[in-house]
Structures are given as structure tokens and as C-alpha cells.
Amino acid sequence: MPNQHVKFYQTGTLTVGNRLLDEKMRTVQATPDRSNSLDSGHRACQGCGEALGARYAIDAAMRAANNQLIAANATGCLEVFTTPYPESAWRIPWMHSLFGNAAAVATGIAAAMRVKGRDEVRVIAQGGDGGTTDIGFGCLSGMFERNDDVLYICYDNQAYMNTGVQRSSATPGAARTATTMPVGENPGADFNQGKNVPLIAMAHNIPYVATASVHDLHDLEAKVQKAMAVRGARYIQIFVPCPLGWGSKPQDTMKVARLTVESGLYPLFEAEYGEIVGVTKIRRRTDVAECLKLQRRFAHVFKKPEQLAKIQAIADANIRKFRLAGSEGGQS
Amino acid sequence: MLKQIEGSHAVAEAVALCRPEVICAYPITPQTHIVEDLGFLVKSGKLSGCEFINVESEFAALSVAIGSSAAGARTYTATASQGILFMAEAVYNASGLGLPIVMTVGNRAIGAPINIWNDQSDSMSMRDAGWLQLFVESNQQAIDVHIQAFRIAEALSLPVMVCMDGFILTHAYERVDIPDQKQVDKFLPSFEPRQVLDPANPKSIGAMVGPEAFTEVRYLEHHKQMQALELIPQVAKEFKAIFGRDSGGLISEYRLDDAETIVVTLGSVIGTMQEVIDRMREDGVAIGALTLRSFRPFPAAALRSALGKAKRVVVFEKCLAVGLGGIVSNNVRMALSELSTPVYSVIGGLGGRPITQASLHRLFTEATQDRLEDLHFLDLNKDIVKRELEREASMRRSGSIAENILSDIGIVDAANTI
């Protein structure tokens with residue numbers, strides 16, 4: 001096979017491209033022997049962060065599992081756009097059962113593998129934020145507390161996109177969704193609501209919890225690889241912009257993700273057994289306005305300075321709480 | 001081996017003999033003893049090669065079962081009452097995916113008002129969910145039918161519910177014959193799934209199906225259940241050949257020869273009915289009974305041929321379709337639609353109300369004289385009902401019905417004591 005020269009510069013994102021890295025450090029996607037577990041031809045929208053996140057996460061998991069991987073998938077965009085039968089974009093054994101039970105289905109698959117002595121087969125579950133933080137939360141928490149041998153990956157695009165952009169418990173304050181329309185004095189989603197599932201996952205004392213973002217794919221792959229090196233319940237939540245639901249340009253997916261993370265609104269960290277063991281320092285801090293102005297779901301906050309200030313305060317608090325400030329390149 | 005044990009314990013032993021590989025369960029009365037015993041059998045090593053998983057809800061219990069079954073493991077769970085409602089979405093999912101899970105339902109009422117005692121409303125709520133539903137009359141049958149259930153489920157690649165009356169069977173100590181492992185192994189081969197999640201042969205399971213194929217998928221579910229009408233008696237016959245006992249099958253008949261009045265029912269109440277029928281036969285009344293052992297698939301042809309000569313059919317059921325009447329009786333009426341035989345619906349034993357021989361004798365006597373209304377509630381206390389209806393007619397804020405009735409009964413009892 002001819003040597004493949006994958007250009008991996010992410011224009012305007014300041015992300016280190018593959019070509020600058022030592023070959024061993026390059027992303028899984030840059031290697032000709034990548035598994036393409038989520039193959040081309042699926043029906044995701046242009047610029048879909050979830051499709052990108054899933055592609056990198058699953059290929060990284062496949063490499064870590066020596067291609068012995070089974071996935072359980074919650075109902076949602078990822079399920080719908082990958083399996084318009086007779087086409088399926090999955091090259092791994094993959095199962096969709098219901099919206100709210102992916103974690104439990106994965107537990108069952110893992111139990112079957114254990115009882116059959118097939119320890120080499122690894123199991124992942126995946127879903128969107130609605131299927132994870134809301135309707136699937138009971139099964140997720142059960143899987144965590146039993147420390148079942150499952151890696152659960154949540155692709156967080158902060159609302160129910162598959163049903164037409166309704167608010168979930170992962171929707172940030174002020175965001176416009178179909179059920180939190182920008183009307184009245186306090187437009188968009190309410191502040192002081194929602195839940196932080198990575199922190200709740202940590203409260204279960206599971207071996208590994210991490211947040212990641214599609215703008216930093218090296219970091220995402222490294223976290224998946226790390227998670228796969230451990231047995232027991234693991235949770236990775238990946239920040240995946242949704243151009244359709246957020247009103248951002250498809251070509252801005254990486255930019256929106258990077259600016260959001262660099263503003264402090266989406267802290268990237270890792271935790272082991274309930275304790276944070278590493279955070280990704282912000283390299284070039286930006287105001288929240290920089291990422292918000294790229295998303296029409298936040299257009300109204302620019303007419304309401306007090307809302308913008310509230311969002312900035314959340315970012316500032318995150319930076320203090322997770323100690324995200326630091327020197328450029330100061331990744332832990 | 002003969003043992004004097006509790007019904008739940010007997011079921012646990014029978015399930016263990018079937019060499020399940022994954023058992024997952026959530027505690028709910030009256031199913032609990034079954035999974036407690038199975039948990040112990042796994043933990044103690046008596047049931048090896050099996051994972052026992054304590055889950056956080058019935059929805060998770062059946063979801064774990066869906067995952068393990070799809071990954072090729074023989075899977076068992078048990079539930080009852082509110083539990084089966086809580087897992088309802090997964091109940092339909094398991095059958096739609098064609099996963100041969102076996103689930104015991106320790107039949108119990110559904111609230112509100114909350115009630116933990118026996119009736120069959122829970123199983124009936126899932127009658128159209130695509131599972132086979134086999135009802136048992138005794139603890140011996142419970143043992144035998146569970147063993148057959150795995151055979152039937154795996155042959156068809158469809159899930160099977162074994163329905164046994166809560167408390168009346170699950171908590172009753174009876175002498176039962178527990179088969180030995182060799183016999184069960186001979187009867188039940190290891191599980192060879194039709195579909196399996198396997199990295200060596202990656203397949204997608206659970207894709208969305210649109211209007212272009214949904215009807216065909218559903219039709220095949222129905223078709224397979226109709227196949228079960230032949231398979232269930234065949235498996236019962238094979239079971240008899242190995243174990244020497246008549247269990248399972250589609251229906252069982254009791255003194256139907258020349259019977260003018262035939263009672264149709266499900267589950268353990270047939271025991272009491274047989275006593276009453278014996279007494280009435282001694283008095284020269286031509287009465288018999290038929291028990292539905294399979295409710296899904298519904299054995300319409302077998303019913304037609306067994307009930308064809310009856311002058312009247314009395315369907316006795318422990319469930320109610322509010323706003324309509326009987327559930328089982330409407331199925332029976334459909335099977336007999338070409339005949340003019342009157343079919344009476346009798347609702348009894350709701351929420352664990354005892355079904356006494358005296359009440360049944362009175363009921364059957366009225367039936368043989370055609371003095372029954374089309375829909376009859378056994379032992380309904382009409383005074384209590386009347387009092388509540390009057391209260392509602394006299395004031396707007398009359399309060400909640402259940403609490404009012406309990407208060408009335410309390411007062412009545414107090415009055416009786418004085």
C-alpha cells in the first residue's frame with residue numbers, strides 16, 4: 001500500500017497537524033490500517049461533530065481492542081444516520097435496542113462475553129446527550145455503580161437534535177432550542193439548570209472519566225486509548241457541535257468546538273476513581289462571545305448584555321474550579 | 001427427585017437445570033424468591049457458567065437480557081406487576097428483535113391502588129407484545145413449562161413468558177418432582193442463536209425499518225407465533241417421552257365429555273374449580289372445564305373443537321379490560337364467532353380476592369340456569385359500590401375512591417364488632 005499522506009491541518013483552529021508529529025504520535029485516522037469502523041456513506045449532516053467524534057473514538061477503541069469490539073447504540077442521530085438499512089456504516093458488530101437502555105444492553109453483552117470466556121472482546125455503549133443524561137440516565141448510573149466492563153461514550157451536542165432540537169439536561173443556559181425559544185425577558189434555556197454527567201460519573205468512583213472535544217482529536221484518541229486500557233465502567237463525554245441545531249456553519253465545527261473549550265465553557269479533564277488527575281489547560285483564552293457569535297442559538301444574548309455576562313461568569317467559574325488557566329501548551 | 005419446596009424455589013431449580021448463562025433481575029414481589037434462589041445458586045457455584053446481575057430497574061433487567069441474548073447467551077429474567085409495566089418498552093423490543101429470552105411473571109395486580117396480591121392483569125397488559133405466554137396451573141407445571149419454554153423460545157427465536165399465579169403458586173409449598181440434569185440436557189440442546197453479535201462476523205442489529213418492510217417484519221412475528229401452535233404440543237409430547245409427565249400443550253381439558261356448561265380459565269384457579277365441578281357432576285350437572293395453557297399464541301382451533309358442543313361457555317378471568325369487560329372472554333368469543341354459543345365473562349380474584357368453592361358453586365349453578373349477566377363480577381360487594389356512587393352524586397369533592405372504600409369497610413367492621 002502506498003504511503004498515505006493525510007493532511008491534517010485544521011485551518012484556523014491552531015491545532016497541531018499530523019505532519020508536525022512523529023509518526024507514532026499521529027492520529028489513528030492517519031494510518032492506512034485504520035479500521036474505518038464507522039465507514040463513509042452515512043447520512044450525517046455536513047459538519048456533523050458527532051459523526052467525526054464517533055469515527056475517531058471507535059477507531060481508537062478498535063485499535064486498543066485489537067479489533068475485538070461490540071457496540072450498543074442508543075436511539076438518536078448516530079443510530080439513524082448510520083443504519084439506513086440495507087446500508088449500514090458500521091463495520092463492527094453493532095446493536096440498537098432503545099433510546100434509554102444502551103448502557104444496560106452493553107452490560108448484557110459484556111456479561112455474555114465474560115461467561116463465554118471471551119475476555120478479548122471489549123464492549124462500548126454510545127449515545128447522544130439526551131439518551132445519556134436524560135432518558136438513559138438510570139441505566140447509565142446502574143452500569144457505573146456495578147462497575148460493569150463497558151466504555152460509555154456520550155456525544156454531547158447539548159440538545160435532542162434527532163427529534164428537532166429540543167432542550168435536554170445538557171443544554172446550556174440561554175441556548176435557543178425548539179422548547180426554549182428566545183421570547184420574553186429571559187430568553188433561551190434557563191440558567192442554573194441541567195446536570196454535569198462527567199462529575200456525576202466521578203461520584204460513582206469508576207476507574208475512568210474524561211471529557212474531550214472534536215477539535216482536539218489527538219487528545220480524544222489518547223483518552224479513548226487510556227479508557228480502553230482499563231477494565232470496569234468508564235465514561236467519556238465528547239463535545240460535538242451540531243451545525244443544524246446550533247445554527248453554526250458546517251465548516252466552523254472545529255472552530256466552534258475549539259473556541260468553546262478555550263473560553264472555559266467546556267472543561268476538558270480526566271478523572272480516575274473519582275479524582276481529577278489531569279486538565280487540558282487553555283492555551284489561548286478567549287471571551288465566550290467569540291464562540292457564541294458563531295452560533296445562531298445564542299444570537300439573542302448579544303442583545304441582552306446581562307445574559308452574555310452570565311455565560312462569561314460560568315466560563316470564568318469553570319476556569320477557577322478546574323484550574324484551566326496556564327501557560328500555552330501546558331497540557332497536563 | 002421428589003421435594004417438598006416452595007414454588008419459587010422449584011422454578012429456580014428448574015431454570016438452573018436449563019443452564020442459563022446470564023440472569024438479570026430486579027426485586028419485585030412475588031417474583032423475588034425465584035431470583036434470590038438463582039443468585040444463591042450462582043454464588044455458591046452450584047450453577048456454574050452463569051452471570052447473575054443485580055440491576056437498578058426492570059427496564060434495565062430486560063435491557064441487559066436483550067444485550068446478553070443478542071450476544072448469544074441463554075438468558076433468563078423474572079418480573080411481576082408494576083415491573084412488567086416498567087419494562088414494557090423493552091418487552092416489545094425483545095420480541096421485535098427476535099430474542100429468545102425466557103421470563104417468569106409471578107402474576108400480580110397492577111395499581112393504583114397499589115396491591116401486591118395475585119391476579120393476571122400484568123401478563124395480560126403485555127398480551128400483544130409479541131411474546132409467547134404460557135400459563136401454568138401448578139408448581140409441577142411451572143417446573144416443566146420453564147424447561148419447555150427455553151426449547152420453544154430458541155426454536156422460534158422468540159421470547160417466552162411463563163406466567164404463574166403470584167403467592168398462590170410462587171409461595172406455596174408443594175411436593176414436586178425436580179428432573180435430573182441428564183434428562184434436561186437430553187431435552188434441551190445448547191443455545192444456537194439465529195443472530196449474534198460477533199467481531200468475527202460484524203452485523204448491525206436493530207436498524208430502523210420503514211413502511212416498506214415493517215408490515216412484513218410484524219407478519220413474520222405473527223407467523224412464527226402461529227407456528228408455535230404446532231410446536232408447543234410437539235415439545236410437550238417430547239417432554240412427556242423423556243420425563244413421563246403431561247405438562248405444557250395448548251389447552252387442558254377436565255371432564256368435558258358431554259359437558260353442556262364449560263368453564264374456560266387460566267392458571268391455578270382450575271384446582272379449586274375441579275373440586276366444584278366434581279361435586280356438581282355428582283349432582284348430575286353436565287359441567288366441565290378447559291384451561292388455556294397457551295394464551296399467546298391463542299389456540300383458537302383447539303378451543304373451537306373442545307367447546308363446539310357446549311351449550312354455554314363461562315370464561316373466568318383474573319383481569320379486566322376497563323370499559324369493555326373480559327379480556328380472555330373476548331378472545332374466546334372470537335374463536336367461537338361462527339357458533340351461537342353464549343359466552344359469559346366472569347371477572348374474579350382481582351387483587352388477590354379469594355376464590356372460594358362456595359362462590360364458584362353459586363356462580364356455576366347460575367350459569368347452568370342461564371341466569372348470569374354477560375359480564376359478571378364474582379363476589380362484588382354491591383353495597384360498598386352503591387355507597388361510593390351515592391357519595392359522588394351528593395358532593396363534588398368526594399375524595400379518592402380507594403380511601404373512601406377502605407374507610408367504609410373499616411366502619412362496617414367496627415360496627416360489626418360492636
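Worth pointing out:
- Packing, taken as the mean count of other beta carbons within 10 Å per residue, orders the peptides B:175-188, B:20-33 from highest to lowest as B:20-33, B:175-188.
- Under a Gaussian network description of chain A, with springs only between Cα atoms under 10 Å, the residue in A:Thr133, A:Thr179, A:Thr211 that fluctuates furthest is A:Thr179.
- Summed side-chain charge close to B:Val160 - residues other than B:Val160 whose Cβ falls under 13 Å, Lys, Arg +1, Asp, Glu -1: +4
- Placing unit charges on the Cβ atoms of the charged side chains and taking the dipole of the protein assembly as shown about its Cα centre, the candidate lying farthest along the positive direction among B:Phe150, B:Phe298, A:Leu140 is A:Leu140.
- Cβ-Cβ FRET estimate between B:Arg245 and B:Lys186, R0 fixed at 25 Å, reported to 0.05: 0.95
- The distance linking the range A:97-153 with the range B:242-311 is 46 Å (Cα centroid to Cα centroid, whole angstrom).
- Computed packing ranks the peptides A:239-251, A:120-132 as A:120-132, A:239-251, most packed first, by mean other Cβ atoms within 10 Å.
- As an equivalent ellipsoid, the range B:312-387 spans semi-axes of 21, 15, 11 angstrom, where each value is the square root of five times an eigenvalue of the C-alpha gyration tensor, largest first.
- Couplings 3J(HN,Hα) for the range B:163-176, derived from phi with the Karplus relation 6.51 cos²θ - 1.76 cosθ + 1.60 (θ = phi - 60°), are 9, 10, 4, x, 6, 4, 9, 4, 10, 8, 8, 9, 7, 9 Hz, where x marks Gly and Pro.
- In order along the range B:9-24, the phi-based Karplus estimate (6.51 cos²θ - 1.76 cosθ + 1.60, θ = phi - 60°) of 3J(HN,Hα) comes to 5, 4, 5, 4, 5, 5, 4, 4, 5, 7, 6, x, 9, 9, 10, 9 Hz; Gly and Pro are listed as x.
- Cα-based shape type of the range B:123-222, given that a ≥ b ≥ c are square roots of the gyration tensor eigenvalues and the cut on a/c is 1.5: oblate
- Shown for chain B: lysine pairs separated by 8 or more places, or found on different chains, whose C-alpha atoms are under 17 Å apart, numbering 4.
- Summed side-chain charge close to A:Glu50 - residues other than A:Glu50 whose Cβ falls under 15 Å, Lys, Arg +1, Asp, Glu -1: -2
- For the protein assembly as shown, the square roots a ≥ b ≥ c of the C-alpha gyration tensor eigenvalues yield an a/c of 1.5 or more together with a/b exceeding b/c, which makes the shape prolate.
- Amide H contacts of A:Gln295 (H built 1.01 Å from N, in plane; Pro and chain starts excluded): no residue 5 or more places away or on another chain comes under 5 Å.
- Rounded, prolate or oblate (a/c below 1.5 giving rounded, otherwise prolate when a/b exceeds b/c) for the range B:2-243 by Cα gyration tensor: rounded
- Shielding of peptide B:49-57 by partners, expressed as the average count of other chain Cβ atoms within 10 Å per residue Cβ, is 5.
- When the Gaussian network model of chain A links Cα atoms closer than 10 Å, the mean-square fluctuations of A:Glu306, A:Glu79, A:Glu221 top out at A:Glu306.
- Relative to the longest principal axis of the Cα atoms of chain B, the long axis of helix B:357-368 lies at roughly 80 degrees.
- Residue-count net charge about A:Val214 - beta-carbon cut-off 13 Å; Lys, Arg +1, Asp, Glu -1: -2
- Efficiency of FRET from Cβ geometry, B:Glu221 and A:Asp119, R₀ 56 Å, rounded to 0.05: 0.95
- Projected area averaged over orientations for chain A, convex hull of C-alpha atoms, nm²: 16.3
- DSSP bridge orientation in chain A - percent antiparallel, rounded to nearest 5: 30
- Simple rule: put +1 on each Lys or Arg Cβ and -1 on each Asp or Glu Cβ in the protein assembly as shown, find the dipole, and look at A:Gln29, A:Ile276, B:Ile101; the Cα lying farthest toward the positive end is A:Gln29.
- The angle between the Cα long axis of helix B:270-282 and the longest principal axis of the Cα atoms of chain B comes to about 50 degrees, rounded to the nearest 10.
- Amide H partners (placed H, <5 Å) of B:Phe135, local residues excluded: B:Cys163, B:Ser294, B:Phe295
- Helical runs assigned H by DSSP (4 residues or longer) give chain A a calculated mean residue ellipticity at 222 nm of -9000 deg cm²/dmol, each run adding -39500 (n - 2.57) before division by the residue total.
- Expressed as a whole percent, the proportion of Cα-Cα pairs in chain B lying more than 42 Å apart is 16%.
- Cα-centre dipole for chain B with unit charges at Cβ (Lys and Arg positive, Asp and Glu negative), debye to 20: 320
- Cα-centred dipole magnitude for the range A:18-321, charges only on beta-carbon of K, R (+1) and D, E (-1), debye, nearest 20: 460
- Nearest-ten-degree value, helix B:401-417 long axis tilted from longest Cα axis of chain B: 50
A short reminder: the numbers here are calculations on the coordinates, not readings from a lab. Computed from a prediction, not measured in an experiment: that's the story for all the values here. Please note: Cβ atoms are built from the backbone with ideal geometry, for glycine as well, and neighbour counts cover all protein chains shown.
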